[in-house]
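Presented below is the structure to which this report refers.
The values are calculated or read from the model by the stated rules, or taken from the named source; none is laboratory data. Bear in mind that the values here come from a model prediction, so they are computed numbers and not experimental data. FYI the Cβ positions are ideal-geometry reconstructions off the backbone, even for glycines, and counts take in every protein chain you see. These area figures cover heavy atoms from the full protein model, side chains too; ligands, DNA and RNA do not enter into them. Shrake-Rupley method; radii C 1.70, N 1.55, O 1.52, S 1.80 Å.
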Amino acid sequence: MKDYFLAIDLSTTACKAVIFNSAGESVSEAHRDMPLFHPHPDWVEADAGDWWRLTVECIRESLHQADISPARIAGIGVCGLMHALLPVDKTGEPLDRVMLWMDQRCKPQCEWMAENTKLSPSTTVSAPKLRWIVENKPEIIDKTYKFMFGKDYVRLKLTGQYATDISDVGGSALLDSKKGDWAFETLRLMGVPDDRMLAVRDSTEIAGYVTENAAKETGLEAGTPVVIGAGDVRSTYIGAGFHVPGRTLLYMGTAAWMVTRNQKGQVYWMGATATWGAGLRWYREMFSDSRPYHVLDEVAAKLPPGAEGVIFLPHLMGERGPKQNPYAKGVLFGLTLAHRNEHVIRAILEGNAYLVRHLIEEHGSERIGDIVAAGGGARSRLWRQIIASVTQKTVLTPKVAETTSLGAAILAAVGVGMFATPEEAAESWVRILDGCEPEANLTGQYDKMYDVYRRLDTAVEQFYQEVHVEYADQPERS
């Protein structure tokens, strides 16, 4: 029987491989942290060699955990980080490291695009990053056969097939929405030839089949179908059942984003942060704290709300929302000699919750109800409880916290014909479970700390650009 589905989720800071059974239940999950590179203070890069190496490790571990024959995998779905384009040559070999979405080097190119195209993009999306390559590494453009998103590179390694889907193209700011294809006119203005871009296909379409070479590397069965897949946002929509009217979704991953669907089915994008779980990863690296994340939760939970006066502004790589500012910086405020690691941990959890409340207030708190929290950060009950108490909203969680992976598995299940549509599959596989209710006795305390957070956030904003260091002023770091 072929009654299992493999989801490969390539995020900014990790790679995951999750195997689901035919009821949409996770039977195994493998995880690897992703190395990141910071050649300059506001640059962030990844190496595609790490993408594939960790994917292979995760696939092998997930198969071992599940203790099933690879022949029982009915289909494979891929999803991944958005906005990050990898240049590869005709053999599929990477030509350079990948500029990640949080990389801020392309601020001048954003200005160029606003002046020379019909776009006014942020530093997050792919378009100004491509223009940066045109201006600073033109030889890369000349050598590139195709520019690929992360999930597309993983699928290329599995099947040998080049393609992408509309969700990733849309996230690049280079989508011609009327044609459902790349905005080739804009690409030409930027100096990027049409043939460098991937063909756009449907997310549920079978892109190809696991090759003999990929089977030897990964332990999968040769001939296993692999669907086109989707960017992480669309996969999360599917895996969290966001098609349901009235649902508000908070994704808690490397960064966070919020979106809501009203009772009429209309979707409103509420905004995104530059970092979220990345803040805790930064803490672990900065403070050499190798304890697992659930242990960090336990020590932070022993402190009272407010982290005994420590406040964290979570703008570690600029900020996307609610006030977009590529120069924004992270701030730890209120430190004394008495504060310890656990104060910093709790301050990071609370600072991100304050930012979510700011997003909600900008949108209109009265316009949303309960929040469904998804992503790796949603595994933390403490974090969900803090968010509930800070925002005064009930925070629910899906049965499968890794909704992005579930969404990728659903795309595979549709691709091989088990379901007709992703929505039909979500109705069968997605379940919303327990909720964290706001703690009424903490409302006043969190309101006070949130007020300080907002005033502090505004007060330091004037200094961000003054301390910003352009990459030309510093030697490159490995």
**Fill in**
Placing +1 on each Lys and Arg Cβ and -1 on each Asp and Glu Cβ in region 92-148, then taking the dipole about the Cα centre, the residue among M113, Y145, V125 whose Cα reaches farthest towards the positive end is V125
**Request:** Would you compute the Debye intensity of region 268-360 from its alpha-carbon atoms alone, equal scatterers and no solvent, and pass along log10 I(q)/I(0) at q = 0.12, 0.16, 0.17, 0.22 Å⁻¹ to two decimals?
**Result:** -0.37, -0.65, -0.72, -1.13
**Asked** Counting only Cα, what are the radius of gyration and maximum Cα-Cα distance Dmax of region 1-124, in Å?
**Response** 18.2, 58
**Request:** Order the peptides 380-388, 420-428, 4-12 from the highest to the lowest mean number of other Cβ atoms within 10 Å of their residues.
**Result:** 4-12, 380-388, 420-428
**Request:** Can you list which of the chymotrypsin sites (Phe, Trp or Tyr not before Pro) found in region 207-294 are DSSP loop residues with at most 12 other C-beta atoms within 10 Å?
**Result:** F287
**Message:** Cross-link candidates for K137: which lysines have Cα within less than 29 Å, leaving aside residues fewer than 8 places away along the same chain?
**Reply:** K90, K107, K118, K129, K146, K151, K157, K329
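So, with +1 on the Cβ of K and R and -1 on the Cβ of D and E, and no other charges, what is the size of the charge dipole of region 205-302 about its Cα centre, to the nearest 20 debye?
Values: 9 positive and 9 negative charges, 108 e Å.
With Lys and Arg at +1 and Asp and Glu at -1, about 520 debye.
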**Asked** region 281-356 to region 169-218: how many Å between their Cα centroids?
**Response** 38 Å
**Asked** Under a plain spin-label model, where a point goes 7 Å from the Cα along Cα-to-Cβ, how far apart in nm are M1 and L337?
**Response** 6.7 nm
**Prompt:** Name the trypsin sites (Lys or Arg not before Pro) in region 286-323 that are in a loop by DSSP and that have at most 11 other C-beta atoms within 10 Å, would you?
**Reply:** K302
**Message:** Between E93 and R455, how high is the FRET efficiency from 1/(1 + (r/R0)^6) when r is the Cβ-Cβ distance and R₀ = 60 Å? Nearest 0.05.
**Reply:** 0.70
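Please work out the average accessible area per residue across region 229-368, using the 1.4 Å probe convention, and give it in Å².
Accessible area per residue, region 229-368: 39 Å².
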**Prompt:** Dipole magnitude of region 152-268 about its Cα centre, charges +1 at Lys/Arg Cβ and -1 at Asp/Glu Cβ only, in debye to the nearest 20?
**Reply:** 480 debye
**Complete:** Semi-axes (Å, rounded, descending) of the ellipsoid equivalent to region 156-209 per its C-alpha gyration tensor are 22, 13, 8
**Mean accessible surface per residue for region 72-152, computed with a 1.4 Å probe while every protein chain stays in place, in Å²** = 34 Å²
**Message:** Compute for region 329-418: radius of gyration divided by Kirkwood radius, i.e. Rg/Rh, restricted to C-alpha atoms, rounded to two decimals.
**Reply:** 1.11
**Request:** Set Lys and Arg Cβ to +1 and Asp and Glu Cβ to -1, take the dipole of region 215-318 about its Cα centre, and tell me which of L280, V233, G223 lies farthest positive.
**Result:** V233
**Message:** For a quick check of your reading of the filter: which trypsin sites (Lys or Arg not before Pro) in region 106-200 sit in a DSSP loop and have no more than 14 other Cβ atoms within 10 Å?
**Reply:** K118, K178, K179
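At 1.4 Å probe size, put F419, F20, F37, F463 in order of accessible surface, largest to smallest.
Largest accessible area first, the list is F463, F37, F419, F20.
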**Prompt:** Averaged per residue, what accessible area in Å² does region 397-469 show with a 1.4 Å probe, protein chains only?
**Reply:** 48 Å²
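If you build the convex hull over the alpha carbons only and average its shadow over all orientations, what do you get for region 1-69? Give it in nm² to one decimal.
Values: hull surface 20.2 nm².
Mean shadow area of the hull around the Cα atoms is 5.0 nm².
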**Asked** Per residue, how much space in cubic angstrom lies within the convex hull of the C-alpha atoms of region 161-313?
**Response** 223 Å³
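Grab the beta carbon distance between E221 and R188, set R0 = 45 Å, and tell me the FRET efficiency rounded to 0.05.
Working: r = 43 Å, r/R0 = 0.95.
Efficiency at R0 = 45 Å is approximately 0.55.
Using +1 on the beta carbon of Lys and Arg, -1 on that of Asp and Glu, and nothing else charged, what's the dipole of the chain about the Cα centre, debye to 20? Let's see the in-between values first.
Values: 50 positive and 62 negative charges, 86 e Å.
Dipole size: approximately 420 debye.
Carbon and sulfur together cover what percent of the accessible area of the chain at a 1.4 Å probe radius? Don't skip to the end; give the middle numbers.
Numbers: 9460 of 18970 Å².
Using a 1.4 Å probe with all protein chains present, the chain comes out at 50 percent carbon and sulfur.
How big is the shadow of the Cα convex hull of the chain, averaged over all directions, in nm²? List each step's numbers first, then the result.
Numbers: hull surface 88.3 nm².
About 22.1 nm², averaged over all directions.
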**Asked** Out of P398, T91, Y4, whose Cα points farthest toward the positive end of the dipole of the chain (charges: +1 Lys, Arg; -1 Asp, Glu; placed on Cβ)?
**Response** P398
**Asked** For the chain, what is the mean residue ellipticity at 222 nm derived from helices alone (per DSSP H run of n ≥ 4: -39500 (n - 2.57); sum divided by total residues; nearest 500 deg cm²/dmol)?
**Response** -11000 deg cm²/dmol
**Prompt:** Binned at 10 Å from 0, what are the whole-percent values of the Cα-Cα distance distribution for region 37-104, short to long?
**Reply:** 16, 38, 28, 16, 3
**Fill in**
Between the alpha carbon centres of region 22-64 and region 400-464 the gap in Å comes to 21 Å
**Prompt:** Can you work out the base-10 log of I(q)/I(0) for region 320-478 at q = 0.12, 0.17, 0.20 1/Å, using the Debye formula on its C-alpha atoms alone?
**Reply:** -0.73, -1.10, -1.28
